[in-house]
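Colleague: Take a look at this one; I'll ask things after.
The values are calculated or read from the model by the stated rules, or taken from the named source; none is laboratory data. In this text, all values refer to a predicted model and were calculated from it rather than measured experimentally. Every residue, glycine as well, gets a Cβ built from its backbone with ideal geometry; the counts of neighbours run over all protein chains shown. Quick note on the areas: whole protein, heavy atoms, side chains included, nothing else; ligands and nucleic acids left out. Shrake-Rupley method; radii C 1.70, N 1.55, O 1.52, S 1.80 Å.
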Amino acid sequence: PWAAAEKIDRNKPERGYDDPTAHCFVAGVPRAMYVPAPLHILQTPTHVVLLHERMQWRIIPIDPQRKHLPDDMRLWMGDSIGHWEGDTLVLETTNMNGKTWLNEVGDVISHAATVVERFTPVNADTITYRATVTDLNVYTKPWTVKVNQHIVLNTELIDKFCMENGKASVHMP
């Protein structure tokens with residue numbers, strides 16, 4: 001009930017400014033993955049790195065033996081650990097701080113959420129992204145979002161900047 005009331009409240013025009021991204025904070029997990037913005041994925045033998053054009057990144061160890069941070073440590077992008085299941089990269093994220101919004105329209109996600117993301121190649125230019133959100137503080141059962149993401153090769157991320165409240169927009173071309 002508290003999350004339903006919060007979602008209704010976030011729909012008020014005066015609450016749009018409460019979106020953490022309006023204050024230059026990162027979008028959070030899984031929101032960062034389905035906001036339309038360029039993404040680079042890098043892999044080393046021990047880590048996967050997700051670089052987002054919207055001033056955020058994740059450095060994720062690929063180690064199924066690794067343990068998550070202690071429960072009292074909360075991060076804007078959560079604590080992610082990855083492993084491979086065949087050709088699918090699987091990331092489990094816990095330890096979120098509960099301050100991010102789930103999406104652009106203000107749906108709620110709490111600090112207790114666990115998000116399991118799956119990146120599966122479809123062909124040379126497409127990855128299927130699935131995120132299963134388990135957050136029993138907000139939702140009655142786990143649910144999954146699925147997005148096919150087009151891969152653009154030989155591109156660069158633009159060095160974007162963020163000015164709280166958009167005051168720099170008059171200076172942008």
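Colleague: Above 18 angstrom, tally the Cα pairs of segment 107-167 and express them as a % of all pairs, no decimals.
Modeller: 59 percent
Colleague: Answer rounded, prolate or oblate for segment 64-160, using the Cα gyration tensor with square roots of eigenvalues a ≥ b ≥ c: rounded when a/c is under 1.5, else prolate when a/b is larger than b/c, else oblate.
Modeller: prolate
Colleague: Further question: So how exposed is Glu14, as accessible area in Å² (1.4 Å probe, rounded to 10)?
Modeller: Only protein atoms counted, so the area is about 130 Å².
Colleague: Give or take rounding to whole Å, what are the principal axis extents of the alpha carbon atoms in the chain, in descending order?
Modeller: 46, 44, 28
Colleague: Leaving ligands and nucleic acids out of the surface, order Asp19, Asp159 by accessible area at 1.4 Å, largest first.
Modeller: Of Asp19, Asp159, the descending order of accessible area is Asp159, Asp19.
Colleague: Just check segment 1-80 against the gyration tensor rule for me: Cα atoms, a ≥ b ≥ c as the square roots of the eigenvalues, rounded for a/c under 1.5, and otherwise prolate or oblate depending on whether a/b exceeds b/c.
Modeller: In terms of gyration-tensor shape, oblate.
Colleague: Non-local amide H neighbours of Val108 (under 5 Å, H modeled in plane, Pro and chain starts lacking H): which ones?
Modeller: Residues meeting the amide H criterion: Leu102.
Colleague: With charges only on Cβ, +1 for K and R and -1 for D and E, what is the dipole size of the chain about its Cα centre, in debye, rounded to 20?
Modeller: With Lys and Arg at +1 and Asp and Glu at -1, about 200 debye.
Colleague: How much accessible area per residue does the chain have, counting only protein heavy atoms and a probe of 1.4 Å, in square angstrom?
Modeller: 60 Å²
Colleague: Let me ask something else. Just to check I understand the Karplus step: with θ = phi - 60° and J = 6.51 cos²θ - 1.76 cosθ + 1.60, what whole-Hz values come out for segment 123-139, glycine and proline as x?
Modeller: 7, 5, 10, 9, 10, 8, 10, 10, 10, 9, 9, 10, 8, 6, 6, 10, 10
Colleague: Counting each DSSP H run of 4 or more residues in the chain as -39500 (n - 2.57), what helix-only mean residue ellipticity at 222 nm follows after dividing by all residues, to the nearest 500 deg cm²/dmol?
Modeller: Estimated from H runs of four or more residues: -2000 deg cm²/dmol.
Colleague: Express the C-alpha Rg of segment 23-62 as a ratio against the empirical globular expectation 2.2 N^0.38 Å, rounded to two decimals.
Modeller: Normalised by 2.2 N^0.38 Å, the Cα Rg of segment 23-62 equals 1.18.
Colleague: Can you tell which of Ile109, Ile158, Ile59 shows the greatest fluctuation in a Gaussian network model of the chain with Cα springs below 10 Å?
Modeller: Per the Cα network of the chain with a 10 Å cutoff, Ile158 tops the list.
Colleague: Mind checking which of Thr134, His47, Pro30 is farthest towards the positive end of the chain's charge dipole, using Cβ charges of +1 (Lys, Arg) and -1 (Asp, Glu) about the Cα centre?
Modeller: Positive-end residue among those listed: Thr134.
Colleague: Can you pull the percent of segment 78-147's accessible area that's carbon plus sulfur, 1.4 Å probe, other chains left in place?
Modeller: Ligands and nucleic acids excluded, carbon and sulfur reach 53 percent.
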